[in-house]
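The values are calculated or read from the model by the stated rules, or taken from the named source; none is laboratory data. Source: prediction; values computed, not measured. Reconstructed Cβ throughout: ideal geometry from the backbone, glycine too, with neighbour counts over all protein chains shown. Please note that ligands, DNA and RNA were not included when accessible areas were found on the heavy atoms of the full protein model with its side chains. Shrake-Rupley method; radii C 1.70, N 1.55, O 1.52, S 1.80 Å.
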Amino acid sequence: MDFNHVPVLYRECMENLNIRPDGIYVDGTLGGGGHARGIGERLSEKGLLMGIDRDMDAMAAAGERLKDLKCRKLLVNSTYAEIDSVLEENGIDGIDGALLDIGVSSFQLDNPERGFSYMHDAPLDMRMNRDDSFTAYDVVNGYDKRELTDIIRKYGEEKWASRIAEFIVRERKTKRINTTGELVEIIKKAIPAGARREGPHPAKRTFQAIRIEVNSELDQLREAIDKFCDVLNPGGRLCIITFHSLEDRIVKETFNRRLNPCTCPPEFPVCVCGKVSDVNKVTGKPIVPSEEELETNPRARSAKLRVIEKR
């Protein structure tokens, strides 16, 4: 299967990265290499493009897509939350910019065997790194009702979370739930018919929640933002694309904390903690896709881009 990931907010990312031809830039969510190629095309032979991804299929596809770039290239099979270790292992002290495109790629969604999509019947998997042992099967068949309710409500923002969890637990008393198709049918039974007729696919939020749990996506994001800010060189920028409110809230709150790090009580007349910001705000409200982009790539509809710059 070809890796045909369409880079979201491509022009906006290239503009906001403010790329220097001889700089060091990191695409922490390499995917099929769409954004990375745009960065690499703006780099000279002295510039370095580093791509990080935990999906070996993505690494292979991106390697092909980027092989003719004239800049130096370094592709690393890891997670973006390990950026500090990755740089240290490669003798790099700081970077001049980074891009994170959070969430699942089009390739992963469209590849039935990966088990990310509620549109294909496949084994319950959802691992971004196939070397990981923990899968969606383990969540669906191993979590108790309370645990399932919590993640479906928290990560999927699903109002029918408790009922869906109840139906999953009831179903697996008869037999194990092995495929995405079986899970979709259980979810459809759990959500009342009237509610199923409105809004997105009835399984969308539950699948999102399980995927986030399997891959520890929100924990990875929380851990990564500060690390990337710390390794940016002065003037370097961090661009983060998110696709749902939970991700965007984490980015927004972490950026605001970096912009306003003072921990003094509000009633103090002056700051005594001594903490000062080491970043500048580039975007206030997030950048969203244009109508033109949405016409050609509907999956970009919920994308938001936030940008911060190191002082």
Scalar couplings 3J(HN,Hα) for region 276-281 by Karplus 6.51 cos²θ - 1.76 cosθ + 1.60 (θ = phi - 60°), nearest whole Hz, x for Gly and Pro, are 10, 6, 10, 9, 10, 6
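Efficiency by 1/(1 + (r/R0)^6): what FRET value for residue 179 and residue 311, r their Cβ-Cβ distance, R0 = 45 Å, to the nearest 0.05? Display every interim value, and only then the final one.
Values: r = 51 Å, r/R0 = 1.13.
The pair residue 179/residue 311 has a calculated efficiency of 0.30.
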In debye to the nearest 20, the charge dipole size for the chain, taken about the Cα centre with +1 at each Lys and Arg Cβ and -1 at each Asp and Glu Cβ, equals 940
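What share of Cα pairs, in percent, lie more than 26 angstrom apart in the chain? Intermediate values should be presented prior to the final figure.
Working: 23847 of 48205 pairs.
The answer is 49 percent, as a whole percent.
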Rounded to the nearest Å, the spacing of the alpha-carbon centers of region 179-221 and region 234-258 is 25
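Keeping all protein chains in place, calculate the accessible area per residue for region 171-230 (probe 1.4 angstrom), answer in Å². All intermediate terms of the calculation are to be shown ahead of the outcome.
Details: 2780 Å² over 60 residues.
Here the residues of region 171-230 average 46 Å² of exposed surface.
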Given Cβ charges of +1 for Lys and Arg and -1 for Asp and Glu, the option among 208, 123, 95 whose Cα lies farthest towards the positive end of the dipole of the chain is 208
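Quick one: dipole size for region 1-149, taken about the Cα centre, charges +1 on Lys/Arg Cβ and -1 on Asp/Glu Cβ, in debye to the nearest 20. Don't skip to the end; give the middle numbers.
On the way: 16 positive and 28 negative charges, 81 e Å.
The dipole of region 1-149 has a size of about 380 debye.
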Long-range share for region 134-289, i.e. C-alpha pairs more than 21 Å apart as a percent of all pairs, stands at 57
Rounded to the nearest Å, the spacing of the alpha-carbon centers of region 49-114 and region 144-162 is 31
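Pulled fully out, how much extra length does the chain show between residue 188 and residue 292, if you take 0.36 nm times their separation in residues and subtract their Cα-Cα distance?
Values: separation 104, 0.36 × 104 = 37.44 nm, distance 3.40 nm.
Residue separation times 0.36 nm, minus the Cα-Cα distance, leaves 34.0 nm.
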What one gets for region 169-250 as the Kirkwood radius, inverse of mean 1/r over different Cα pairs in Å, is 15.9
Rounded to one decimal in nm, the spacing of the 7 Å Cα→Cβ label points at residue 72 and residue 204 is 4.4
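Using a Förster radius of 30 Å, what is the FRET efficiency between residue 84 and residue 273 based on their Cβ-Cβ separation? Nearest 0.05, please. Could the numbers behind the result be given before it?
Numbers: r = 25 Å, r/R0 = 0.82.
E between residue 84 and residue 273, to the nearest 0.05, is 0.75.
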Expressed in angstrom and ordered largest first, the alpha-carbon extents of region 1-102 along the principal axes are 37, 27, 25
With +1 at each Lys and Arg Cβ and -1 at each Asp and Glu Cβ, the charge dipole magnitude of region 31-83 around its Cα centre, to the nearest 20 debye, comes out at 280
Residues whose built amide H sits under 5 Å from the amide H of residue 78, excluding neighbours closer than 5 in sequence, are 53, 54
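Which percent, to the nearest 5, of DSSP beta bridges fully inside the chain are antiparallel? Don't jump to the answer; show the numbers that get you there.
On the way: 11 of 30 bridges.
Beta bridges within the chain, antiparallel portion: roughly 35 percent.
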Residue-normalised value, i.e. accessible area per residue, for region 14-126 at 1.4 Å probe, in Å², stands at 40
